[in-house]
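Let me begin by presenting the structure, written as structure tokens, before commenting on it.
The values are calculated or read from the model by the stated rules, or taken from the named source; none is laboratory data. Keep in mind that what you see is a predicted model, and the values were worked out from it rather than measured. Here Cβ is always computed from backbone atoms with ideal geometry, including for glycine, and neighbour counts include all displayed protein chains. The accessibility values were calculated without ligands, DNA or RNA, using every heavy atom of the protein model including side chains. Shrake-Rupley method; radii C 1.70, N 1.55, O 1.52, S 1.80 Å.
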Amino acid sequence: MRSAAFLLLVVLLLTGCREDAEPNAEPTKAAGPALEFLGDTTIPRSPEFGGTTVGGLSGISYDRRSGRYYLISDDRSERDPARLYTADIDVSDRKVTAKLTGTAPLRRRDGSTFPSLASGAVPPDPEGIAVHPGNGDLYWVDEGERSDNLLDPAVRIAKPSGAYVRKLPIPDELTIAPGKGPRRNQALEGISFTPDGKRFAVGMEEPLRQDGPNPTAQAGALTRVTEYDTATGRPVAQYAYPLEPLFAEPREADSGDTNGLSDLVALGGGRYLVLERAAVVDRYRITVRIFLAETRNATDVLGRNSLSGATAMTKKLLLDLDDAPGLRVDNFEGATLGPDRPDGRRTVLLVSDDNFHFLQSTRIAAFALS
């Protein structure tokens with residue numbers, strides 16, 4: 001969602017040009033767990049931090065051992081080499097503070113940094129990051145590239161220093177081939193470990209080509225969530241995740257409208273928080289919603305090239321960010337579970353991607369999950 005049309009939409013929203021459209025039917029709201037908005041803040045804009053241009057922060061993960069947060073930039077080595085950041089974030093008494101504390105480039109096997117597209121190479125497109133709860137390694141997902149040059153989506157592991165550890169296999173159905181695999185810039189978007197660290201999951205932003213078209217105002221679509229065994233580093237299960245239809249009918253076809261899985265948070269027991277972000281460009285509107293989804297009763301589709309006849313994950317709406325009093329809906333892309341709160345609830349944090357645009361901001365929003 002970094003097309004010129006989407007960037008124009010966000011700029012129009014931030015400058016107050018928004019036209020509300022008649023919404024489609026609202027999804028079922030969950031009667032159980034709820035999210036309460038606690039507050040938000042921005043990471044101060046800086047043209048340089050540790051020798052890098054800060055921006056494009058599309059993933060966030062909390063390290064419970066150290067209390068540190070990791071964030072990943074989706075800069076494809078265009079401004080600076082692909083990289084991660086560390087941050088201190090504090091949520092207390094409905095006040096949120098955040099500041100960057102460090103940065104490190106993500107490195108290749110030979111120790112070098114990733115080159116830019118301008119060099120003729122095909123750099124990764126970092127989108128999500130997750131801290132291994134046991135050893136502190138950083139698992140990150142790369143959307144790959146589907147154009148004249150092909151690069152399959154990938155799950156990669158790095159040290160907190162950015163040093164290369166290894167690259168994990170992905171299911172064949174997620175690889176790029178004629179007529180199959182992910183569409184350009186709509187591949188692996190989110191990653192999260194279960195609380196016990198025994199599994200982690202990765203989420204595709206939009207449907208694979210063989211799984212049908214992207215969501216429209218008339219119909220949702222199915223994307224895929226893949227679970228890995230952490231010990232072996234291999235995929236062990238996969239489920240169809242139902243994306244919502246677009247919230248309004250676009251005036252024109254092919255105007256850049258989309259709704260996709262932006263990130264996910266594994267809660268354990270086959271349950272996930274899923275961040276869905278949708279945009280209808282020519283109605284100048286973006287929505288971000290958080291769902292509680294679970295795999296119970298869903299069909300394991302690992303290795304299946306078709307979702308025909310599969311039972312999808314079930315889900316219920318926890319929060320439409322438009323309904324959070326005092327929160328300005330931004331281009332939120334990343335999500336993570338933070339520390340436990342004094343009342344026993346768990347903190348959930350979101351980060352927004354500023355697209356390296358001066359009218360946008362890197363925003364951290366905090367919620368309490370009951």
- prompt: Where only protein heavy atoms count, and the probe is 1.4 Å, what is the accessible area per residue for segment 225-370 in Å²?
  reply: 34
Net lengthening on full extension, THR216/LYS180 (0.36 nm per residue, minus Cα-Cα): 10.9 nm
- request: Mind checking the full-extension length gain between PHE358 and SER46? Use 0.36 nm per residue of separation minus the Cα-Cα distance, one decimal, nm.
  value: 111.3 nm
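Per the 1.4 Å probe, what fraction of the accessible area of segment 61-111, in percent, lies on carbon and sulfur atoms?
Carbon and sulfur together cover 37 percent of it.
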task: Give, in nm to one decimal, the length gained when the segment between ASP196 and ALA121 is fully stretched (0.36 nm per residue of separation minus the Cα-Cα distance).
output: 23.2 nm
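How would you rank 202-208, 160-166, highest first, on the average number of other Cβ atoms within 10 Å across their residues? Don't skip to the answer; put the middle values down first.
Working: 202-208: 26.3, 160-166: 15.0.
With the highest mean Cβ count within 10 Å placed first, the list reads 202-208, 160-166.
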task: Just read off the accessible area of LEU100 with the full protein assembly in place, 1.4 Å probe, to the nearest 10 Å².
output: 30
field: Nearest-0.05 FRET efficiency for ASP340 and ARG79, computed from C-beta distance (R0 22 Å)
entry: 0.05
query: Tell me, what % of the accessible area of segment 183-326 is carbon and sulfur with a 1.4 angstrom probe?
result: 45
query: For the chain, modelled as a GNM with alpha-carbon contacts under 10 angstrom, which of ALA187, ALA310, ALA293 fluctuates the most?
result: ALA310
- prompt: With springs only between Cα atoms under 10 Å, which of GLU227, GLU244, GLU78 fluctuates most in a Gaussian network model of the chain?
  reply: GLU78
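Please compare each pair in LYS198/LYS316; LYS99/LYS180; LYS198/LYS315; LYS159/LYS315 to a cut-off of 31 Å on the Cα-Cα distance and tell me which ones are over it. Don't skip to the end; give the middle numbers.
Values: LYS198/LYS316 25 Å; LYS99/LYS180 42 Å; LYS198/LYS315 23 Å; LYS159/LYS315 34 Å.
Going by Cα-Cα distance, LYS99/LYS180; LYS159/LYS315 fall outside the 31 Å limit.
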- request: Residues in segment 347-366, backbone N under 15 Å from the label point at ARG94 (7 Å along the Cα-to-beta-carbon vector): list them, ranges by number please.
  value: 366
field: Nearby aspartates and glutamates by direct alpha-carbon distance to LYS29 (threshold 17 angstrom, same-chain neighbours under 8 apart not counted)
entry: GLU244, GLU276, GLU294, ASP320, ASP322, ASP323
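Rolling a 1.4 angstrom probe over the protein heavy atoms, how many square angstrom per residue are accessible across segment 46-100?
Numbers: 2370 Å² over 55 residues.
Result: 43 Å² of accessible area for each residue.
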query: Accessible area per residue, 1.4 Å probe, Å², for segment 120-172: what's the number?
result: 34
field: Candidate values (1) 31, 59, 10; (2) 28, 59, 13, 0; (3) 31, 63, 6, label of the one derived for P(r) over Cα pairs in 20 Å bins from 0, in percent
entry: (3)
- prompt: In nm, to one decimal, how far is the LYS29 label point from the GLU294 one, both placed 7 Å along Cα→Cβ?
  reply: 2.0
